[in-house]
Number of protein chains: 4
Amino acid sequence: LAVVGSSSSDPDLDAMCEQLGCRAIDAGFRIASGGLGGVMEAVSRGAHHSASYREGDVIGILPVHQHDAANQHVDIVISTGMGIARNLVLVSSADVVIAVRGGSGTLSEVAFAWQLGKPVVALCPSGGWAQKLAGETLDGRRSDSIIAASSVTEAIAAACQQLNATGQLNPTG
Amino acid sequence: LAVVGSSSSDPDLDAMCEQLGCRAIDAGFRIASGGLGGVMEAVSRGAHHSASYREGDVIGILPVHQHDAANQHVDIVISTGMGIARNLVLVSSADVVIAVRGGSGTLSEVAFAWQLGKPVVALCPSGGWAQKLAGETLDGRRSDSIIAASSVTEAIAAACQQLNATGQLNPTG
Amino acid sequence: LAVVGSSSSDPDLDAMCEQLGCRAIDAGFRIASGGLGGVMEAVSRGAHHSASYREGDVIGILPVHQHDAANQHVDIVISTGMGIARNLVLVSSADVVIAVRGGSGTLSEVAFAWQLGKPVVALCPSGGWAQKLAGETLDGRRSDSIIAASSVTEAIAAACQQLNATGQLNPTG
Amino acid sequence: LAVVGSSSSDPDLDAMCEQLGCRAIDAGFRIASGGLGGVMEAVSRGAHHSASYREGDVIGILPVHQHDAANQHVDIVISTGMGIARNLVLVSSADVVIAVRGGSGTLSEVAFAWQLGKPVVALCPSGGWAQKLAGETLDGRRSDSIIAASSVTEAIAAACQQLNATGQLNPTG
């Protein structure tokens, strides 16, 4: 499961992200993010709150080479050294992508996920591009749309359903 | 000048793109595109119609390693072998980006251009994401917006104005 | 710990690689490789033989987008979709790089590891570029050299020593 | 034609590189390099000394996004923003690669060129990895070897011969 979202946050969004991270691990996913601050950090932190958490469940895919740029809740650092081209590595490595708030970086990730045929779930109450794109189709190459989730619970349920629909048994992302 | 747009086209859009390519060369730009078909090909073809065209003015930045994947109007092939990560190379190499119609690939390019601080001009009558994003701001990091152009003439004028505003004297893209 | 090596193998090399994978997990490392066949597969398989193995310890960093291109012993798939540019992601993500046999792909990885300041251990009996570069310095930017290991045991010992020397406490690769 | 080589130089090497750049343009090539200093700058400067030079013949493929990182002799800036992954873009875009002196960065470029099936010419008197690899095969995937050139004249002649052998009529690199 990849979570893509803003590098800035606020207390309400942090709480929502922590819940998202925790519930994703509860549901048996690993979590990959861009490994930095904001949404990426809050989701990574939340993952550790799950009773099902195992060391290695939180993956951070960094734009830089320096491992210590990762937030402290990341277990496995993938440092690309390729700048924002890492956005592509992140969504490609995921089975399902959840978008949280998000500016132009997140928009590029949702666009890539769409091109790669990955299911995308938009957490609507987080605002940003997630809210704007919920329910939309980005172009004619796919017949489905970006799935609108009105809560963390709905987002995780949608992610699980997508994973089952695509026949994945051993989710790594 | 980078032109980003759909890999499919139609006769009306082709005509608009050829005019765009020709006018861009007239205005003293080089043209970079993704080097493949559709909008990319029509713009590259149009460049050759300009009286100011010099061999070397049309650059194609390919996702694959194979040079012969480029359309025949490309003078200089940059083959990245990095798949759609080449979208980032394309917009980064440009001084100004013009979006034409466009699906999710173009959307990723506009998002990257925004992140990199590149001026983006949307050719509204082409439809697609260009039309949808014209006049919009993608997030709070920039105070400007995507420039709406209602014709090829307006698009080229806006591109020239942006270039002058940023102090570039010797445009290479 | 990243293991870089040939995509083809033979029974003797397979046995050496399985031992390397097992001992690396015994020593507390995670193992990252290019995720495909040959050396990459044998090392990944061997990791599962360790008593210390935990699900998530074997990472495969693929050149393609397709997750099912990974060998079946990979726990966590990072699919870059960037072709052989993934070689850079692999060595960048590692704390220590072990080279096993190796042709030109491995050579590019050792060269990148050197540029990035990563310790490189060459498993000499495996042959290939590993053997040729053991004890060498690649250029003047570093005062150390590629560490020659005459056995799997020596290679793991050297990797541990390098990790301690660089002050890493929680190796993820 | 891609020229790969050290980012540092000295007066003798500079003179050799300027001659190489000039002769390459004389022979009808465009020149692509990494766009920075040292060998890259001297070759780019030399290109302008050719009577056949046309604006647009000198391409610099940068690791960064900033166009002004290119040396002043570069006509067309391709800014990848992907760090040393740009080494792959450079050799992929070339029809023939000439290696000049070179440390580990050049070594990664020669290794990539080999993997991609590009002819590689080593300018022996420049020293470095060029000298060490001249006449060598990097692995069993190719039956040819890195071509040893004992002078700039020989290097350009070998590049022309390789281009003709592979049937390219309109060299762009």
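The values are calculated or read from the model by the stated rules, or taken from the named source; none is laboratory data. Computed from a prediction, not measured in an experiment: that's the story for all the values here. Quick reminder, even Gly has a Cβ in these numbers, built from the backbone with ideal geometry, and neighbours come from all protein chains shown. When the accessible area is computed, the model is the full protein with side chains, heavy atoms only, and any ligands, DNA or RNA have been set aside. Shrake-Rupley method; radii C 1.70, N 1.55, O 1.52, S 1.80 Å.
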*Determine if the stretch A:93-106 includes at least one residue that is among the charged types (D, E, K, R) and under 25 Å from A:D12 (Cα atoms).*
yes
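Among D:E55, D:E41, which is more than 14 Å from the chain's Cα centre (by Cα) and closer than 30 Å to B:G117 by Cα?
Values: D:E41 fails: more than 14 Å from the chain's Cα centre (by Cα).
One residue alone meets the criteria, D:E55.
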*Across the stretch C:13-25, which residue is farthest from the other protein chains (Cβ to nearest Cβ) among those that are open to solvent by 50 Å² or more (accessible area, probe 1.4 Å) and touching a residue at least 40 places away in the same chain (Cβ under 8 Å)?*
C:Q19
*Hey, among the residues in the stretch D:138-173 that are hydrophobic (A, V, I, L, M, F, W, C) and at pLDDT below 95, which one's nearest to D:L123 (Cα to Cα)?*
D:L163
*Can you give me the number of residues within the stretch C:98-134 that are over 19 Å from D:G103 (Cα atoms) and among the hydroxyl-bearing types (S, T, Y)?*
1
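Can you name every residue in the stretch D:130-155 that is within 27 Å of C:A85 (Cβ to Cβ), in contact with a strand residue (DSSP E or B) (Cβ under 8 Å, 6 or more places away or on another chain) and within 14 Å of chain C (Cβ to nearest Cβ)? Quick ask: steps written out before the conclusion?
So in the stretch D:130-155, the residues within 27 Å of C:A85 (Cβ to Cβ) come out as D:130, D:132-134, D:136-147.
Keeping just the survivors that are in contact with a strand residue (DSSP E or B) (Cβ under 8 Å, 6 or more places away or on another chain) gives D:130, D:133-134, D:146-147.
Matches in the stretch D:130-155: D:A130, D:L133, D:I146.
Conditions tested, residue by residue: (1) farther than 26 Å from C:S7 by Cβ; (2) out of contact with any helix residue (DSSP H, G or I) (no Cβ under 9 Å at 6 or more places or on another chain); (3) of a type in the set (G, A, S).
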site: C:P119; (1), (2), (3): no, no, no
site: C:L123; (1), (2), (3): no, no, no
site: C:R141; (1), (2), (3): yes, no, no
site: C:D144; (1), (2), (3): yes, yes, no
site: C:A155; (1), (2), (3): no, no, yes
site: C:C160; (1), (2), (3): yes, yes, no
*Of all residues in the stretch D:130-150, which are in a helix (DSSP H, G or I) and among the charged types (D, E, K, R)?*
D:K132
*Report, by residue number, each residue of the stretch A:26-61 that is surrounded by fewer than 24 Cβ atoms within 10 Å (Cβ to Cβ) and assigned to a helix (DSSP H, G or I).*
A:D26, A:R45
_Unmet criterion (only one of (1) among the small types (G, A, S); (2) more than 20 Å from C:H65 (Cβ to Cβ); (3) open to solvent by less than 10 Å² (accessible area, probe 1.4 Å)) for A:S8_ = (3)
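I'd like the full set of residues that are among the small types (G, A, S) and open to solvent by 10 Å² or more (accessible area, probe 1.4 Å), limited to the stretch C:62-80. If you could, list the steps in order and put the result at the bottom.
Step one: of the stretch C:62-80, the residues among the small types (G, A, S) are C:69-70, C:79.
C:A69, C:A70 - these are the residues of the stretch C:62-80 that are among the small types (G, A, S) and open to solvent by 10 Å² or more (accessible area, probe 1.4 Å).
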*For the stretch D:89-114, what are the residues that are within 27 Å of D:A165 (Cα to Cα) and either surrounded by fewer than 24 Cβ atoms within 10 Å (Cβ to Cβ) or in contact with a His (Cβ under 9 Å, 6 or more places away or on another chain) (or both)?*
D:S92, D:S93, D:D95
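Can you pull out every residue in the stretch A:28-61 that is among the charged types (D, E, K, R) and within 11 Å of chain C (Cβ to nearest Cβ)? Reasoning before the result, please.
First pass over the stretch A:28-61, keeping only residues among the charged types (D, E, K, R): A:30, A:41, A:45, A:54-55, A:57.
A:R30, A:R54, A:E55, A:D57 - these are the residues of the stretch A:28-61 that are among the charged types (D, E, K, R) and within 11 Å of chain C (Cβ to nearest Cβ).
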